[in-house]
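Trainee: If you scroll down you'll find the structure; I have some questions about it.
The values are calculated or read from the model by the stated rules, or taken from the named source; none is laboratory data. Being a predicted model, the structure only gives us computed values, none of them experimental. Surface areas here come from the heavy atoms of the whole protein model, side chains and all, with no ligands, DNA or RNA. Shrake-Rupley method; radii C 1.70, N 1.55, O 1.52, S 1.80 Å.
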Amino acid sequence: QGEGARSWRAATHTPTATATFTPVLNPGCLMAVAVGPYAPGQRGGDPISEAQAHQYVDLAPSVARGFRTFGLTNGLEYMIPFGKEIGLTTYAGVFINSEDAQNWSQLDGLRSVAYAVDTAIVGNRAVSNHDVDLAGNLWWADRARDTLVSEGSSAPVTIAEEWQFVRDNVGVIEPHVD
């Protein structure tokens, strides 16, 4: 989607977030930012409210044209539709690890927001962090694609690993990502 595809609301959007944030970059100068919407005292994986998710997504347009989540459960799934509503490019992070039940929950989250996903990113250095092996990460990437297609979405799917790892394994990875 080009700049012309941005919605009217995005072009006129004024953040309503109450979090302390002082932009140091020009609005929209970054392609995307990673959003970890946790308040002091919270840790990654703690549940967040819909209001808290909106509060942090609301900050993204001040520096970026899009954002990435690090999961799609525990309230993080609220971020994708809201980001799309305010005209941001959405990168849905599908957090995977060695726990199949948790991974299936992530795909359920992806299914629930498929209509608003621009790109699905499966894993967050899951192989580098030894959460899964490469074959497992790619298997989950294929399941993410199946999930999106089943919901009528043609959003591309990719993985998130260090560039050296991708370079060294491009022949194995390439058939599984868009």
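Trainee: What percent do you get for the relative contact order of segment 33-132 when only Cα pairs under 8 Å and 6+ apart count? Walk me through the intermediate numbers first.
Mentor: Details: 165 pairs, mean separation 24.7, N = 100.
Relative contact order, segment 33-132: 25 percent.
Trainee: Quick check: the angle from helix 100-113's long axis to the longest principal axis of the chain, C-alpha only, nearest 10 degrees?
Mentor: 40
Trainee: Now, a different point. Only Cα pairs under 8 Å and at least 6 apart count here; give the relative contact order of the chain as a rounded whole percent.
Mentor: 17
Trainee: Starting from the residue with the highest accessible area, list 82, 165 in decreasing order, probe 1.4 Å. Write down the numbers at each step before the final one.
Mentor: Working: 82 20, 165 50 Å².
The ordering from most to least exposed comes out as 165, 82.
Trainee: Taking all protein chains in place and a 1.4 Å probe, what share, in percent, of the accessible surface of the chain do carbon and sulfur account for?
Mentor: Heavy-atom surface of the chain belonging to carbon and sulfur, 1.4 Å probe: 54 percent.
Trainee: Hey, another quick one. Quick check on segment 93-178: take the gyration tensor over C-alpha atoms, sort the square-rooted eigenvalues as a ≥ b ≥ c, and tell me if it's rounded (a/c under 1.5), prolate or oblate.
Mentor: oblate
Trainee: Going by alpha carbons, how many degrees (0 to 90, nearest 10) lie between the helix axis of 134-150 and the longest principal axis of the chain?
Mentor: 60
Trainee: In whole Å, largest first, what are the principal axis extents of the Cα atoms in the chain?
Mentor: Dimensions of the chain along the principal axes of its Cα atoms: 43, 39, 32 Å.
Trainee: Sort 134, 72 from largest to smallest accessible area, using a 1.4 Å probe on the heavy atoms of the protein chains.
Mentor: Descending order: 134, 72.
Trainee: Hey, another quick one. Shape call for segment 60-123 from the C-alpha gyration tensor, a ≥ b ≥ c root eigenvalues: rounded (a/c under 1.5), prolate (a/b greater than b/c) or oblate?
Mentor: Prolate is the answer for segment 60-123, as a/c is 1.5 or above and a/b outweighs b/c.
Trainee: Further question on the same structure: Counting pairwise Cα distances across segment 28-107, what percent come out greater than 18 angstrom?
Mentor: 38
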